[in-house]
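K.L.:
Here's a structure for you.
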Amino acid sequence: MENNMLVQFKDLGAILVLAFSAVGSGWGAGIAGMAAIGAWKKNFAQNKTASFMLVVFVAAPLTQTVYGMIIMRQIMAIANKGQYLWSIGGLAGLAIGLSAFWQGKCAACACDAMGETDKGFGNYLVVLGMTETVALLVMAFTLMLLGIVGAA
């Protein structure tokens, strides 16, 4: 492949980490959002108060997009120096996006349980925090790796 052709793809790693993170966030929030709507519908049908706290569960997967953006900025800084980190961006974005997707599924279960019982909010947040931790660790380790690669 011509060097000119490679330059056209210098930002691919940065785009991949942000795109995969955002796709996971969108899926996760969408899944949790559908569960929240279903829980509210049940509450309204039973003339019970619908807890607005379910929005916290729906929003939980959105932070993974921010983690992807943080990594994206570091990858772009390195790419502008001539190192094109497609695999690091793609795989980190995939891991972060999957964390968001599974967090959304956990959040959907939390919406269902909280909508039914109106109890356990703190317990459900702990589980969402655990799935969030995967994305945080991926971000931290990726930034550490990028520091090593960027210094080389």
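K.L.:
Would you order C111, C106 from fewest to most other beta-carbon atoms within 10 Å of each residue's own beta-carbon?
P.N.:
Fewest to most other Cβ atoms nearby, the residues stand as C106, C111.
K.L.:
Quick one: longest stretch of the chain between exposed loop trypsin sites (Lys or Arg not before Pro), exposed meaning at most 11 other C-beta atoms within 10 Å and loop per DSSP?
P.N.:
Working: sites that count: K81, K119.
For trypsin sites (Lys or Arg not before Pro) (loop position, at most 11 other Cβ atoms within 10 Å), the longest site-free span of the chain is 1-80.
K.L.:
Sorting S21, S99 on the 10 Å Cβ count, fewest up front, what's the list?
P.N.:
S99, S21
K.L.:
If you rank S25, S87 by fewest surrounding Cβ atoms within 10 Å, what's the result?
P.N.:
S87, S25
K.L.:
Work out the length of the dipole vector of the chain about its Cα centre, built from +1 on the beta-carbon of each Lys and Arg and -1 on the beta-carbon of each Asp and Glu, and round it to the nearest 20 debye.
P.N.:
160
K.L.:
Find the relative contact order for the chain and round it to a whole percent, using C-alpha pairs within less than 8 Å whose residues are 6+ positions apart.
P.N.:
Computed value for the chain: 36 percent relative contact order.
K.L.:
Among [x] 9.3; [y] 16.1; [z] 14.1, find the value of mean projected area of the Cα convex hull in nm² that was calculated from the structure presented, and write down its label.
P.N.:
Label [x] holds the value from this structure.
K.L.:
Could you pull out every one of the aspartates and glutamates with an alpha carbon less than 14 Å from that of K48, ignoring same-chain neighbours closer than 8 positions?
P.N.:
K48 reaches E116, D118.
K.L.:
Something else now. What are the lysines whose alpha-carbon lies under 20 Å from the alpha-carbon of K41, with same-chain residues fewer than 8 places away excluded?
P.N.:
K105, K119
K.L.:
Among N4, I78, Q46, whose Cα lies farthest out toward the positive end of the dipole of the chain, if unit charges sit on the beta carbon of Lys, Arg (+1) and Asp, Glu (-1)?
P.N.:
Q46
K.L.:
Also: Can you tell me which of L54, L125, L62 moves the most in a GNM of the chain? Springs connect C-alpha atoms under 10 Å apart.
P.N.:
Maximum among the listed residues: L125.
Bear in mind that the values in this text are calculations on the coordinates, not laboratory data. Since the model is a prediction, treat every value here as computed from it, not as a measurement. FYI the Cβ positions are ideal-geometry reconstructions off the backbone, even for glycines, and counts take in every protein chain you see.
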